[in-house]
Amino acid sequence: MNKIFKVGLIGCGHIAETYFRSQKYFNNIKIIKCADINNKAAKKCASEYGVKSLRVNEILRDEEVEIILNLTIPKAHYEIAEKALLHNKHVYSEKPLAINLKDGKELLKLSKKKKLYIGNAPDTFLGGGNQKSKELIEKNIIGKINFGNAIFAFPGIQSYHPNPEPWFAKKEGGPVIDMGPYYLTALVNLLGPAKKVSGRIIRGVNYRTIGIGPKKGKNFKVKCPTTYLSTIIFESNTVIRLTLSFDVMAHQRNHIELYGRKGSLVIPDPNMFGGSVYLCKKLGDKWKEFKTTKMSLGKINIKTQSSRANESPTNANYRGAGLSEMAYCIEKRKKHRCNGELSLHVLDIIESTMKASISGIPQKIKTKCKKPNKLTEQEIKKLLI
Ligand SMILES: NC(=O)c1ccc[n+]([C@@H]2O[C@H](COP(=O)([O-])OP(=O)(O)OC[C@H]3O[C@@H](n4cnc5c(N)ncnc54)[C@H](O)[C@@H]3O)[C@@H](O)[C@H]2O)c1
């Protein structure tokens, strides 16, 4: 039996529910206490899930807590992760690692110095969809991958989110920081690290209007670019054209397509765990579907639409898998998959994409990471209840 790690959650917002639910799937994590800068939110969360609420400084000092689960807003990820490490706790944060590379590097340095684990979402690349794709690529089914396309594009969250301003803020706003982590982590998992990026931006409207909630009808200023068209070159020399936009009313493109010498592969939504992979090896042939619903982290577990953002009515969502795998690796003294080097590299691609696109000057990616090892069914079964 695995050791069950006692987790202290900081940041009792929307995504907290998904992590409480993850305890139904994974056998080695137990959220025992929660805290939030907004004490009311912490109290509400505590009574809903039967855990104890504390002040942020109390949970950091709490002797029972072994891992801090950092579900605060991106701008606060650095501050909370740093405090967790300084209080001798392992830390696992939601994406992104930090809102700039400098802060991300500091966190890795501190975790090494303290000999503590630092982990980071997204963990969706551990899901059936991306793992099945990885298996096919590593079997060389489509041969050397020359290039590919990836896209996340929608009109933005202002119509259905009561507080959309942070998504359009100067430093931490825009689609690259928000959705880039899913796409880039999935691509690094499939292709390995990236080495160079170029791009351009397209400016959207200067003001947006809030569509729901108490501020409905209020206009707010857009302080960041909202469309990025970038070209990323990986160490393997695969070239990916990546579109990330909050300015597209609708589109019908696949999330990720990879084109190899021997065939083409369609990769499912990197923001989710499941979805089918499609393969075509000859012009005009029917695309072959590889379902992932029988894989442990591909089984449909979402059957009703909830208010949680980013969850389609039927899909597989096993957020928390990365935290559970990190806990397992702490116990076994192994390297975890959602590790600091991977999230720092992804943050580097994010920052470089924004720099290259805004300035028009291509940027070298300075950090390196190892392509994560495939997560086998055998390994994942050890973590499941
Ligand atoms: N909502 C989603 O569907 C979703 C999905 C995947 C990932 N995420 C990520 O999860 C994180 C949280 O997102 P959310 O939607 O739950 O946000 P949210 O705004 O609903 O909740 C964040 C919570 O953090 C608290 N907080 C902010 N700064 C703090 C600080 N310094 N100390 C302690 N608490 C602080 C806030 O009071 C709030 O309760 C973000 O990094 C986001 O990118 C969200």
Next on the checklist: Starting from 0.36 nm per residue, how many nanometres of slack lie between Asn39 and Asn301 once their C-alpha separation is accounted for?
Outcome noted: 91.2 nm
Item to check | Heavy-atom accessible surface of the chain: percent carbon and sulfur, 1.4 Å | outcome: 54 percent
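Within the set Lys30/Lys112; Lys24/Lys44; Lys6/Lys332; Lys262/Lys370; Lys134/Lys381; Lys89/Lys334, which residue pairs have Cα atoms separated by over 22 Å?
Details: Lys30/Lys112 25 Å; Lys24/Lys44 20 Å; Lys6/Lys332 16 Å; Lys262/Lys370 25 Å; Lys134/Lys381 19 Å; Lys89/Lys334 17 Å.
Too far apart for the 22 Å limit: Lys30/Lys112; Lys262/Lys370.
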Item to check | Charge dipole magnitude, Cβ of K and R +1, D and E -1 - segment 121-269, Cα centre, debye nearest 20 | outcome: 460 debye
Checklist entry - Hey, rough spin-label estimate for Ile4 and Lys382, points 7 angstrom out along Cα→Cβ, what's it come to in nanometres? => result 2.0 nm
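Just the accessible area per residue of segment 139-191, please: how many Å² with a 1.4 Å probe?
Details: 1760 Å² over 53 residues.
About 33 Å² of surface per residue is accessible.
Assuming 1.002 mPa s and 20 °C, estimate D for segment 5-120 with Stokes-Einstein, Rh taken as the Kirkwood radius over Cα pairs, in µm²/s.
Numbers: Rh = 13.9 Å.
In µm²/s, the coefficient rounds to 154.
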Item to check | Sites Asn254 and Glu48 - FRET efficiency at Förster radius 56 Å, r taken between beta-carbons, to 0.05 | outcome: 0.90
Item to check | Computed lengthening from Asn146 to Lys223, 0.36 nm per intervening residue step minus Cα-Cα distance | outcome: 24.1 nm
Next on the checklist: Tell me whether segment 45-190 comes out rounded, prolate or oblate; compute the Cα gyration tensor, take square roots of the eigenvalues as a ≥ b ≥ c, and use a/c under 1.5 as the rounded threshold.
Outcome noted: prolate
Checklist outcome for this item: The distance between the Cα centres of segment 191-214 and segment 79-150, in whole Å, is 21 Å
Item to check | Fraction in percent of alpha-carbon pairs per bin - 20 Å, the chain | outcome: 28, 61, 11, 0
Checklist entry - Helix-derived [θ] at 222 nm for the chain: sum -39500 (n - 2.57) over DSSP H runs of at least 4, divide by residue count, nearest 500? => result -9500 deg cm²/dmol
Checklist entry - What Cys residues in the chain have no fellow cysteine's beta-carbon under 4.7 angstrom? => result Cys34, Cys224, Cys280, Cys329, Cys338, Cys369
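Taking a ≥ b ≥ c as the square roots of the Cα gyration tensor eigenvalues, with a/c under 1.5 meaning rounded and otherwise prolate when a/b beats b/c, else oblate, which class fits segment 223-336?
rounded
The values are calculated or read from the model by the stated rules, or taken from the named source; none is laboratory data. In this text the structure is predicted, and so the values were computed from the model without any measurement. As a convention, Cβ positions derive from the backbone with ideal geometry for all residues, glycine included, and neighbour counts pool all protein chains shown. With ligands, DNA and RNA removed, areas are computed over all heavy atoms of the protein, side chains included. Shrake-Rupley method; radii C 1.70, N 1.55, O 1.52, S 1.80 Å.
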